[in-house]
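Input: a single structure, listed below in structure tokens.
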Amino acid sequence: MDQQMQRFRQEVHNFAQSEIAPRAAKIDQDNRFPPGLWHSLGAVGLHGITIPEKYGGRGLDYLHHAIAMEEISRASGSIGLSYIAHSNICLDNLFLVGNAEQHEKYVPGLCRGDLVGALALSEPEAGSDILGSMSASAERDGEHWVVNGTKTWITNGYDADVLIVYLRTADRSLGSESITAFLVERDTPGFVAHEPMDKLGMRGSNTSTLEFNDCRIPHSNVLGEVGGGARLMMQCLDTERILLAAGPVGIMQAALDLVLPQIHSRQQFGKSIGQFELIQAKLADIYASLQAARAYVYDVAARYDGSRAMRKDAAACLMFAANAAMPAMVDTIQMLGGRGYLNESAAGRLLRDAKVYQIGGGTDEIRHIVIGRELFAESRPEQEQIPIARMA
Ligand SMILES: Cc1cc2nc3c(=O)[nH]c(=O)nc-3n(C[C@H](O)[C@H](O)[C@H](O)COP(=O)(O)OP(=O)(O)OC[C@H]3O[C@@H](n4cnc5c(N)ncnc54)[C@H](O)[C@@H]3O)c2cc1C
């Protein structure tokens with residue numbers, strides 16, 4: 001990692017450790033995103049990392065974004081999740097496909113943190129099979145679209161001022177051409193965001209159900225092309241998965257930050273417990289998992305070039321990091337003994353937060369399918385095209 005990158009990491013680390021880490025336990029306990037934090041993140045330039053400076057961003061690459069996500073998640077997993085839903089899943093995607101008017105209207109505000117962003121895809125009856133089962137729809141009515149339906153599990157859905165919302169705009173028989181992405185503003189009549197859900201982990205990252213009842217969206221708020229939603233969704237999934245993968249990396253680092261001082265201070269049998277080889281073996285396992293996950297995520301982020309060739313590695317680095325984090329969190333609790341089992345210890349929160357990375361952004365099972373399917377397709381002698389099927 002070059003010096004510029006190290007300085008960037010230190011800058012994010014200093015901010016996250018002073019502004020976020022001290023509040024992490026309370027954010028989890030109260031299940032409340034701290035007011036003012038969106039602006040603080042914007043003031044230090046962390047929202048628009050991949051956005052050109054002319055729009056208020058930093059003009060940096062996805063590796064920088066992954067490092068920021070890692071350091072923020074190290075301070076608080078839930079702030080990390082909300083951060084990436086805003087800065088990549090909404091803002092970066094809006095920038096990639098939005099037109100000039102949409103850029104002017106939303107991008108600077110999202111970079112500053114004056115506006116909060118979200119992306120709404122999942123529905124109560126459409127999770128992994130999002131393309132096939134999506135039922136929330138938009139019907140054209142002159143210069144507007146009339147939206148009806150329900151989205152659920154939406155990170156930042158309760159706070160968001162602007163949301164990318166995927167809707168069915170044509171008969172399902174048109175397949176992937178029947179879905180379109182829209183920009184929806186929170187104050188639009190007919191749009192309601194429900195109170196945040198009471199979740200196992202990622203508490204304070206507000207997850208909500210959204211309802212649309214004859215909600216009229218201007219045609220100018222179509223993001224990309226009518227019928228281009230599925231393509232867009234697939235295009236955006238790679239960076240989403242790469243950056244989500246930096247979340248469990250940050251949480252694994254937080255586990256080491258927590259446990260290393262305590263294996264010195266806790267004495268049993270007249271020694272610090274860190275002197276016992278069975279404790280050292282657990283540390284070694286966590287360290288190796290962390291370093292392997294970090295190296296894979298950085299490698300995929302650095303190589304990201306927007307091509308379909310990244311799909312299996314984007315899914316695989318998230319699969320690997322999420323699956324590495326779970327045993328690491330269980331071992332962290334084990335090394336702390338009874339104290340690790342208390343809610344006053346951060347260990348339980350780290351475990352609860354890490355779990356979501358096996359579910360969100362396409363479940364672990366779907367990632368296995370995506371990776372296996374890509375490898376199978378690539379190794380076919382005649383290179384037959386496999387139809388794109390979104391598995392969220
Ligand atoms: C905290 C949190 C935040 C989220 N944020 C967002 C967000 O901001 N925006 C958004 O749109 N969505 C969001 N999601 C939704 C997330 O993307 C979905 O939860 C995920 O895609 C899985 O869908 P599901 O929960 O409906 O599970 P289901 O699809 O019902 O899956 C249930 C189980 O069946 C398995 N399964 C399904 N199909 C197959 C198959 N073909 N083969 C083998 N196993 C299968 C799954 O892997 C899983 O284990 C969030 C979810 C959570 C928990």
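Read-outs: derived from the displayed coordinates by stated rules, not from any lab. Here the structure is a predicted model, which is why all the values come from computation and not from measurement. A quick note on method: Cβ atoms are made from the backbone with ideal geometry, for glycine too, and the neighbour counts reach across all protein chains shown.
Working note: 222 nm ellipticity from helices only, DSSP H runs with n ≥ 4, each -39,500 (n - 2.57), summed and divided by the residues of the chain, gives -15500 deg cm²/dmol to the nearest 500.
Computed from the C-beta positions of LEU260 and ARG23, the FRET efficiency with R₀ = 25 Å rounds to 0.70. Enter the angle in degrees (range 0 to 90, nearest 10) between the Cα long axis of helix 311-336 and the first principal axis of the Cα atoms of the chain, meaning the one along which they spread out most. Roughly 40 degrees between the two axes. Comparing LEU200, LEU174, LEU258 in a Gaussian network model of the chain, where Cα atoms under 10 Å apart are tied by springs, the biggest mean-square fluctuation is seen for LEU174.
To the nearest 10 degrees, how steeply does helix 62-75 sit against the main Cα axis of the chain, on a 0 to 90 scale? Helix 62-75 and the main axis of the chain meet at about 50 degrees. A simple rule links phi to the HN-Hα coupling: the Karplus curve 6.51 cos²θ - 1.76 cosθ + 1.60 with θ = phi - 60°, which for the stretch 365-370 gives 5, 5, 4, 4, 5, 4 Hz, with x for Gly and Pro. With a cut-off of 13 Å between beta carbons, the residues surrounding GLY337 carry a summed charge of +2, where Lys and Arg count +1 and Asp and Glu -1. Comparing the chain with the 2.2 N^0.38 Å rule of thumb, its C-alpha radius of gyration ratio is 1.00 (two decimals). Extending 7 Å from Cα along the Cβ direction at ASP285 and again at ASP30 yields two label points whose distance is 3.7 nm. The stretch between LEU96 and GLU378 holds 98.8 nm of extra length on full extension. This uses 0.36 nm per residue minus the Cα-Cα distance. For the chain, the longest principal axis of the C-alpha atoms and the axis of helix 3-15 are separated by about 90°. If R0 equals 25 Å, the separation of the Cβ atoms of ASP141 and GLU195 corresponds to a calculated FRET efficiency of about 0.25. Between PRO381, PRO189, PRO52, the Gaussian network model of the chain with springs among Cα atoms under 10 angstrom shows the greatest mean-square fluctuation at PRO381.
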